[in-house]
Amino acid sequence: MSARHARSRDPRGHWLLLIVAITAVAAALLFEGWTTYEVGAAQTKRACSTPVPKAADSGQPVVRIKDGKVSTAAMPPRTVALTFDGGPDPVWTPRLLELLRNHKAKATFFLSGAQVARHPDLVEKIRDEGHEIGSYTYTGVDLGQVSAPRTRLEMSLTQSALAGAAGVKTDLARLPLTTQADTMCGGEWTAAERVAAEGYTLVAADRPFRKPEQGLIRQFSNTDIAFQETKKLLRNQKVRFTTVTDGLGERKVNAEAATASRWQGEGLIMVQTIGHFFVDIMTWVLGIGGGLALVRLVLLMVFARAHVRRIGRFRPGSPWLREITEPVTVLIPAYNEEAGIQSTVLSLLDSTHPYLQIIVVDDGSTDGTAEIAAAIDDPRVTVVRQPNAGKAAALNTGLVYAEYDIVVMVDADTVFEPDAIYHLIQPLAHPAVGAVSGNTKVGNRKRLLGKWQHLEYVFGFNLDRRMFEVLECMPTVPGAIGAFRRDALMGVGGVSEDTLAEDTDLTMALWRAGWRVVYQESAVAWTEVPVKLSQLWRQRYRWCYGTLQAIWKHRRAVLEMGPPGRFGRRGLTYLVVFQVILPLFAPIVDLFALYGALFLDSALWIVVWLGFLGVQMFGAGYALRLDGEKLRTLWVMPLQLVVYRQLMYLVTIQSVVTALLGSRLKWHRMHRSGTADQYRLEEPVGQPLSLN
């Protein structure tokens with residue numbers, strides 16, 4: 001994975017594939033949720049508003065309605081039609097089939113379309129063993145309480161499912177919650193007329209007290225009680241057990257379905273299967289992902305506390321080691337940074353560390369960047385011009401002009417606190433430390449997007465850095481503020497141009513060369529963040545893509561020994577799991593969370609989400625307190641989780657697609673407005689929390 005690819009492809013077309021995939025999964029989930037919710041929901045039969053028509057109130061269980069005329073029929077004497085509702089059931093249907101087979105009896109199974117789609121093999125078995133199949137609607141909903149379109153949908157979906165599962169269609173139907181024919185009153189009779197108008201014969205059941213010798217239709221569900229009652233009834237050798245249509249002496253109703261109907265049914269079953277499979281898989285994924293996220297949050301806070309406690313005791317740069325007062329070279333790569341370059345240089349000149357060499361490397365700017373920097377009348381400032389070659393090349397040019405052994409790298413949109421350089425270089429007192437990350441804060445945080453990024457910097461980046469230092473696996477010294485030993489930089493060949501995340505690539509190279517990298521939270525610099533979503537997208541896209549390049553470039557670190565191996569196994573694994581893999585699944589997990597809120601226990605899901613939000617806000621509050629920030633920013637966090645987080649997930653997805661396609665990604669430069677220091681000047685933060 002390299003910035004210099006042999007060919008370039010545009011990954012934007014693959015957004016269509018992602019949208020189609022997400023839409024398909026959403027449709028499958030909605031369909032699965034609708035059917036599961038309806039099938040599993042307890043149904044209550046509504047009281048009748050009008051009685052059943054007299055023509056249907058004959059006591060006979062089979063009802064036909066044609067051209068407004070109603071006729072009824074019943075089983076002849078000594079003929080029993082066994083009927084089972086709502087299956088096929090993976091537990092009881094096979095047992096019932098075996099029982100019927102042993103007694104050489106036939107029965108009629110009124111099947112739920114949703115269950116047919118889930119267990120098509122059982123439908124084939126029912127058909128192959130000569131039993132009759134009828135419709136029990138798709139979800140088992142009370143048709144007397146739904147609209148005419150819903151009734152048609154319930155019946156047509158069931159026919160499609162039967163065609164796809166067993167290649168059959170049926171003209172028999174039983175309305176859910178129907179017992180005897182005279183119970184089909186009120187709205188249920190209206191539903192009966194709608195169903196009969198589509199060519200169905202309606203089958204109810206005889207009253208319980210009717211004897212088998214008189215001829216009857218018995219109604220059972222798929223339960224243990226039904227199994228036992230059927231077993232007891234089959235012992236009666238004086239009667240014939242058969243299907244409804246055979247008992248009535250009519251033609252069989254399970255004709256062969258048309259080819260088009262079969263294809264349609266197979267598609268329906270596929271959608272139902274995908275949805276069901278996805279629900280099962282995502283239940284595990286959601287549990288594992290949620291558990292990992294919670295564990296990560298707990299670890300971040302635990303290690304952050306450990307990091308604070310070790311300040312001034314065991315960390316390199318503590319008072320136990322000598323104070324660093326050596327002169328420092330500051331490198332500022334700049335390309336079209338006229339809006340902020342003056343503020344950056346002046347903030348460095350105000351540093352309490354007096355021994356500075358400031359080198360502004362103008363990387364072929366087309367605006368007045370170089371002229372503004374050169375106009376600053378201070379002998380410590382040097383402006384070097386070069387043709388546009390990229391940030392890494394500009395930093396390497398600056399290294400050529402560096403006079404001192406300590407080098408601080410600064411972005412041209414960053415404003416330093418006066419004591420930032422002094423604090424930043426102190427950990428270099430320890431001979432094993434090759435680089436130090438400073439504490440980058442958001443300067444332009446007045447708008448909502450800026451506040452979201454402010455929370456991300458404090459809660460995400462800086463809290464991560466505290467953990468990384470304790471675990472000795474810091475993956476990135478940010479380009480905005482970082483200190484390095486010059487000989488360490490030269491030892492790894494300077495700043496590599498292989499990736500777009502030159503800061504991450506350089507940090508990983510230092511670890512692999514045997515140097516340690518630490519975090520100095522008291523070295524504060526203010527940076528300007530994107531103020532438009534399009535700018536933010538381009539910036540994070542470059543960051544994420546460059547990080548993927550760096551991970552791939554340094555992947556062999558996981559196999560190395562000592563500090564490089566420790567960094568690889570801890571740092572690279574963390575980045576891959578939490579910054580690559582989990583974000584890839586996140587949109588689908590969020591979709592499944594919405595599924596849970598819609599179709600499962602919505603109150604439970606709301607409580608879970610609020611609990612997750614509470615834990616996140618507690619962690620963010622702790623991070624803000626550690627950084628000496630005010631807690632009032634927490635009010636934007638719920639919106640951040642709903643909106644901003646989704647954007648970051650999509651950035652990760654596009655970056656991974658770009659990387660997998662081997663596409664070349666150009667340098668994306670953000671438009672600057674020179675507002676990095678506005679928050680620093682107007683509302684300075686307090687002192688970072690210390691537990692010592």
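Miscellaneous remarks
- For the range 323-328, putting each phi into the Karplus relation 6.51 cos²θ - 1.76 cosθ + 1.60 with θ = phi - 60° gives couplings of 7, 8, 10, 5, x, 10 Hz, in residue order, rounded to whole numbers and with x for Gly and Pro.
- Between the residues S58, G215, I126, the greatest Cα displacement towards the positive end of the dipole of the range 54-257, with unit charges on the Cβ of Lys, Arg, Asp and Glu, is found for G215.
- All C-alpha to C-alpha distances of the range 54-257, sorted into 5 Å bins beginning at zero, yield P(r) values of 1, 8, 17, 21, 22, 17, 10, 3, 0, 0 percent in whole numbers.
- Annotation: lysines with alpha-carbon distance below 23 angstrom to K211 (same-chain offsets under eight excluded): K104, K106, K231, K232, K238.
- Separation of alpha-carbon centers, the range 358-424 and the range 139-160, rounded to whole Å: 72 Å
- Dipole axis of the chain (+1 Lys, Arg; -1 Asp, Glu on Cβ), positive-most option in I225, W552, L356: I225
- Stokes-Einstein translational diffusion, the range 355-447 - Kirkwood Rh over all Cα pairs, 1.306 mPa s, 10 °C, in µm²/s: 105 µm²/s
- Extended-chain gain in nm, criterion 0.36 nm per residue less alpha-carbon gap, A197 and K446: 83.1 nm
- Listed by chain and number, the lysines whose alpha-carbon sits under 16 Å from that of K441, ignoring those within fewer than 8 places in the same chain, are K451, K630.
- Computed from the C-beta positions of A255 and R207 and an R0 of 30 Å, the FRET efficiency is 0.45 to the nearest 0.05.
- The chain - charge dipole about Cα centre, Lys and Arg +1 at Cβ, Asp and Glu -1, debye rounded to 20: 2320 debye
- Gain on full stretching of the segment that runs from W284 to R95 - 0.36 nm per residue minus C-alpha separation: 65.0 nm
- Among the GluC sites (Glu not before Pro) found in the range 82-144, those both in a DSSP coil and sparsely packed, with 14 or fewer other Cβ atoms within 10 Å of their Cβ, are E129.
- The range 62-72 - phi-based ³J(HN,Hα) in whole Hz, Karplus 6.51/-1.76/1.60, Gly and Pro as x: 9, 10, 10, 10, 9, 6, x, 9, 10, 9, 10
- Per-residue packing, averaged as other Cβ atoms within 10 Å, sorts the ranges 278-290, 158-170 into the order 158-170, 278-290, beginning with the highest.
- Relative to its residue count, the range 292-434 spans a Cα convex hull of 148 Å³ per residue.
- Over the chain: Rg over Rh, Cα atoms, Kirkwood Rh: 1.20
- Karplus (6.51, -1.76, 1.60) ³J(HN,Hα), θ = phi - 60°, over the range 268-285, in Hz, Gly and Pro reported as x: 4, 5, 4, 4, 5, 5, 4, x, 5, 4, 5, 4, 4, 5, 5, 4, 5, 4
- Ordering A81, A197, V330 by the projection of their Cα atoms onto the charge dipole of the chain, which places +1 on the Cβ of Lys and Arg and -1 on the Cβ of Asp and Glu, puts A81 at the extreme positive end.
- Against the main long axis of the alpha-carbon atoms of the chain, helix 148-166 sits at an angle near 90°.
- Backbone amide hydrogens, once placed in the peptide plane, bring V529 within less than 5 Å of G443, N444, excluding anything fewer than 5 places away on its chain.
- Computed on the chain, with alpha-carbon pairs under 8 angstrom and 6+ residues apart, the relative contact order is 15 percent.
- Average projection area in nm² (convex hull over Cα atoms of the range 142-228, one quarter of hull surface): 7.1 nm²
- Burial ranking of peptide ranges 495-508, 176-189 (average Cβ count within 10 Å, highest at the top): 495-508, 176-189
- Divide the volume of the convex hull around the Cα atoms of the range 440-486 by the residue count and you get 75 Å³ per residue.
- Estimated translational D of the range 482-533 in µm²/s (Stokes, Kirkwood radius over Cα pairs; 20 °C; 1.002 mPa s): 166 µm²/s
- Mean residue ellipticity at 222 nm, helices only, the chain: -14500 deg cm²/dmol; runs of at least 4 DSSP H residues each add -39,500 (n - 2.57), and the sum is divided by the number of residues.
- Rg and Dmax of the range 473-573, Cα atoms only, in Å: 14.2, 44
- All aspartates and glutamates inside 15 Å of K125 as judged from Cα atoms, apart from same-chain residues fewer than 8 positions distant: D89, E98
- Radius ratio Rg over Rh of the range 288-682, counting only Cα atoms, Kirkwood formula for Rh: 0.96
Where a number appears in this text, it was derived from the coordinates with a stated rule and is not lab data. Keep in mind that this is a model prediction, so the values were computed, not measured. Cβ coordinates were reconstructed from backbone atoms using ideal geometry, including for glycine residues, and neighbour counts include every protein chain displayed.
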